[in-house]
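**Student:** Below you will find the structure I want to go over with you.
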Amino acid sequence: MRYEGRPFTYLFGIGKGDIVIDGHGMAMFVNHSCDPNCETDEIDGRVYIVALRNIKAGEEITYDYWLYDGDDDAPCHCGSRKCRGSMYSPSELKKHKARKQKQLKKAAKRSAKSKANGSAVAKKG
Ligand SMILES: [Zn+2]
């Protein structure tokens with residue numbers, strides 16, 4: 001509830017996801033990539049950003065956000081060859097796409113109904 005309505009949050013779910021750490025501060029400066037040079041690691045209830053390989057001086061530090069539990073689209077423009085087009089985790093992306101399809105079908109049904117109602121009104125008028 002604390003973060004509802006905020007355009008950006010930097011939250012890390014730890015454990016089974018029932019504990020959340022606010023990463024506002026350091027984490028907000030690390031961008032997402034589908035082919036990152038770092039990953040987040042949970043050690044003793046703390047979140048660390050750990051290098052996956054040697055990182056050159058001046059190279060941007062990135063990790064895969066692996067987003068879950070979101071309603072909005074989270075498009076990715078990381079530009080890597082491995083880019084999946086979204087900052088959601090692959091499993092969450094499948095769920096997200098399925099939800100979108102349902103919403104589109106509902107909207108199409110509503111639109112068809114309102115068109116039908118609209119033509120009925122036109123006949124009356
Ligand atoms: Zn990407």
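The values are calculated or read from the model by the stated rules, or taken from the named source; none is laboratory data. It should be emphasised that the depicted structure is a prediction, and the values quoted were computed from it without experimental measurement. Positions of Cβ are generated from backbone atoms using ideal geometry, with glycine treated the same way; all protein chains shown enter the neighbour counts.
**Student:** Give the number of residues within segment 35-60 that are farther than 25 Å from Gly13 by Cβ and either of a type in the set (S, T, N, Q) or out of contact with any strand residue (DSSP E or B) (no Cβ under 8 Å at 6 or more places or on another chain) (or both).
**Tutor:** First, the residues of segment 35-60 that are farther than 25 Å from Gly13 by Cβ: 53-59.
Remaining after also requiring either of a type in the set (S, T, N, Q) or out of contact with any strand residue (DSSP E or B) (no Cβ under 8 Å at 6 or more places or on another chain) (or both): 53-54, 56-59.
Total satisfying the criteria: 6.
**Student:** Separate question: Which numbered condition in (1) away from the ligand (no atom under 16 Å from the Cβ); (2) surrounded by fewer than 13 Cβ atoms within 10 Å (Cβ to Cβ) is the only one that Lys95 fails?
**Tutor:** Here Lys95 clears every test but (2).
**Student:** Something else now. Can you pull out every residue in segment 59-79 that is among the charged types (D, E, K, R) and more than 10 Å from the ligand (Cβ to nearest atom)?
**Tutor:** First, the residues of segment 59-79 that are among the charged types (D, E, K, R): 59-60, 64, 69, 71-73.
Passing the criteria: Glu59, Glu60, Asp69, Asp71, Asp72, Asp73.
**Student:** Sticking with this structure for a sec: Does Lys82 qualify as being within 12 Å of the ligand (Cβ to nearest atom), of a type in the set (D, E, K, R) and modelled with pLDDT under 95?
**Tutor:** Values: within 12 Å of the ligand (Cβ to nearest atom): yes; of a type in the set (D, E, K, R): yes; modelled with pLDDT under 95: yes.
Yes, satisfied.
**Student:** What is the residue count in segment 43-58 for residues that are of a type outside the set (A, V, I, L, M) and either within 12 Å of the ligand (Cβ to nearest atom) or modelled with pLDDT of 95 or more (or both)? So that I can check it myself, show each step before the final result.
**Tutor:** Initially, segment 43-58 is screened for residues of a type outside the set (A, V, I, L, M), giving 44-46, 48, 53-54, 56, 58.
With either within 12 Å of the ligand (Cβ to nearest atom) or modelled with pLDDT of 95 or more (or both) added as a condition, the list becomes 53-54, 56, 58.
Looking only at that region, the number is 4.
**Student:** Okay, moving on. Could you grab me the full set of residues in segment 56-90 that are touching a residue at least 12 places away in the same chain (Cβ under 8 Å), within 22 Å of Glu42 (Cβ to Cβ) and out of contact with any Pro (no Cβ under 7 Å at 6 or more places or on another chain)? I'd like the intermediate steps shown before the answer.
**Tutor:** Within segment 56-90, the subset touching a residue at least 12 places away in the same chain (Cβ under 8 Å) is 59-70, 73-76, 78, 80-84, 86-89.
With within 22 Å of Glu42 (Cβ to Cβ) added as a condition, the list becomes 61-70, 74, 87-89.
Hits for segment 56-90 are Ile61, Tyr65, Trp66, Leu67, Tyr68, Asp69, Gly70, Ala74, Met87, Tyr88, Ser89.
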